[in-house]
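Okay, structure first, notes after.
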């Protein structure tokens, strides 16, 4: 295990179980990519998806951060979902419920045309099962404009909080409400696009 | 404007309007903090909140990344919300709707006790209006265990996508569905905590 992969704070929330980590990655769309651009830390949102033990991201082949992490040979990709706000009797023990995955690794540009197409198809399949067959596939220009980056899920860990408030025993009888306000991500109704509207 | 603050790609999505940026920051809870720890980029989820022109984050006074960005004197804090999945007729033009804010700046440890308390109160108020008065305030030990970090909202920009698919004209008659699947974050019903259960 790389030293960074070891959760250092909040040890009771640490998760190293790959099945649970995969589930978090598959249930979420947004990741945040960290790197250093011109000597300054940079964090960009992106979409992530997974095939087996590999996490993929993609972007414009001119994306500065993606090119910086490829040159540097290292990145940290973090995926977080907020599941609730935890109200405690004490200000200090207010918290949030969340699932978060942190991946350290060497980003690799996918150069094999076949692997690149399969990876991009897998993103469409994550959006909607069957979608990779229900759309015009990328042409050569579009393929060239897109970088697909693979990162091994070797150095990965997660933290999960999914419980009620954890007040000090001395505070339990204070006359304040405590509990969890759950937060869910839900889909609305599909809005078909009419190009002639 | 710092060079990083200038949006480089997807210029038509760039937002520099501070009112719109403030709204995104106030409507969201999760941010991602970027820094460098032991020579490796690191991205950690955290909560953010705003008072006027200052963004705040907080964490354990032993948090490695927070201490690293304080030592380094620079960070990038990114806030992103996913608003929908955009299905296009072409694979290439599939996209997502989102709001994303990127802040570069010098993180400052809030050392003034009064400012620190007011900042922590403002986080509780963001969770629920009035909450800072309906909880036991932090004691000296808890205050010491918590670092509050302030970052000026000077070098901030945003990107927003909030529209339908943008297919090439040649693809518009392809026999595939296109449109937007909206994604919303919603609150569930409050779950009161019973310490004796």
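The values are calculated or read from the model by the stated rules, or taken from the named source; none is laboratory data. Everything quoted here is computed from the prediction, not taken from an experiment. Here the Cβ positions follow ideal geometry from the backbone for every residue, glycine too, while neighbour counts run over all protein chains shown.
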Item to complete: Filter segment A:188-197 down to the residues that are at pLDDT 95 or above and within 7 Å of chain B (Cβ to nearest Cβ), then identify the one that is farthest from residue B:163 (Cα to Cα).
Response: A:188
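I'm checking my understanding of the structure. Among residues of segment A:139-164 that are within 30 Å of residue B:41 (Cβ to Cβ) and out of contact with any strand residue (DSSP E or B) (no Cβ under 9 Å at 6 or more places or on another chain), which one is farthest from the other protein chains (Cβ to nearest Cβ)?
A:144
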Worksheet item: Out of segment A:67-86, which residues are part of a strand (DSSP E or B), within 7 Å of chain B (Cβ to nearest Cβ) and over 16 Å from the mean Cα position of the chain (by Cα)?
Response: A:85
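Here is a yes/no grid of residues against (1) in contact with a strand residue (DSSP E or B) (Cβ under 9 Å, 6 or more places away or on another chain); (2) under 20 Å from residue B:154 (Cα atoms); (3) modelled with pLDDT of 95 or more:
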residue: B:10; (1), (2), (3): yes, no, no
residue: B:25; (1), (2), (3): yes, yes, yes
residue: B:44; (1), (2), (3): yes, no, yes
residue: B:54; (1), (2), (3): yes, yes, yes
residue: B:68; (1), (2), (3): yes, no, yes
Discussion item. So, in segment B:89-107, how many residues would count as being within 19 Å of residue A:121 (Cα to Cα), outside any strand (DSSP E or B) and more than 7 Å from every other protein chain (Cβ to nearest Cβ)?
Written reply: 1
Worksheet item: In this structure, is residue B:8 surrounded by fewer than 21 Cβ atoms within 10 Å (Cβ to Cβ), touching a helix residue (DSSP H, G or I) at 6+ places or on another chain (Cβ under 7 Å) and within 7 Å of chain A (Cβ to nearest Cβ)?
Response: yes
Discussion item. For segment B:165-187, check the following and say yes or no: at least one residue is closer than 30 Å to residue B:60 by Cα, at the interface with chain A (Cβ under 9 Å from one of its Cβ atoms) and surrounded by fewer than 14 Cβ atoms within 10 Å (Cβ to Cβ).
Written reply: yes
Worksheet item: Of everything in segment B:69-96 that's in contact with a helix residue (DSSP H, G or I) (Cβ under 7 Å, 6 or more places away or on another chain) and over 26 Å from residue A:185 (Cα atoms), which residue is surrounded by the most Cβ atoms within 10 Å (Cβ to Cβ)?
Response: B:75
Item to complete: Output the qualifying pairs, or none if there are none: Cβ atoms under 7 angstrom, residues six or more apart or on different chains, first residue in segment B:61-77 and at positive phi, second residue modelled with pLDDT of 95 or more.
Response: B:73/B:106
Worksheet item: Could you list, in sequence order, the residues of segment B:56-66 that are surrounded by 18 or more Cβ atoms within 10 Å (Cβ to Cβ), more than 7 Å from chain A (Cβ to nearest Cβ) and not in a strand (DSSP E or B)?
Response: B:65, B:66
Worksheet item: Is it true that residue A:126 is in a helix (DSSP H, G or I), touching a residue at least 60 places away in the same chain (Cβ under 8 Å) and under 30 Å from residue A:35 (Cα atoms)?
Response: yes
Worksheet entry | Any hit, segment A:112-123, residues being part of a strand (DSSP E or B) and in contact (Cβ under 8 Å) with a residue 12 or more places away in the chain | no
Worksheet entry | Selected residue (criterion: nearest to residue A:187 (Cα to Cα)) from residues of segment A:129-138 that are in a loop (DSSP other than H, G, I, E, B) and more than 7 Å from every other protein chain (Cβ to nearest Cβ) | A:129
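If we only count strands (runs of 3 or more DSSP E) wholly inside segment B:143-194, which ones have 3 or more residues that are farther than 23 Å from residue B:65 by Cβ?
Because the criterion is at least 3 residues that are farther than 23 Å from residue B:65 by Cβ, the strands (runs of 3 or more DSSP E) in segment B:143-194 that meet it are B:155-161, B:179-187.
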Worksheet item: Does segment A:133-146 include one or more residues that are out of contact with any helix residue (DSSP H, G or I) (no Cβ under 6 Å at 6 or more places or on another chain), without any contact (Cβ under 8 Å) to a residue 60 or more places away in the chain and within 29 Å of residue A:78 (Cα to Cα)?
Response: yes
Discussion item. Quick check on segment A:108-119. Is at least one of its residues buried (at least 18 other Cβ atoms within 10 Å of the Cβ) and facing chain B (nearest Cβ under 9 Å)?
Written reply: no
Discussion item. If I filter segment B:32-55 down to residues being farther than 27 Å from residue A:29 by Cβ and more than 9 Å from chain A (Cβ to nearest Cβ), which single residue comes out as surrounded by the fewest Cβ atoms within 10 Å (Cβ to Cβ)?
Written reply: B:52
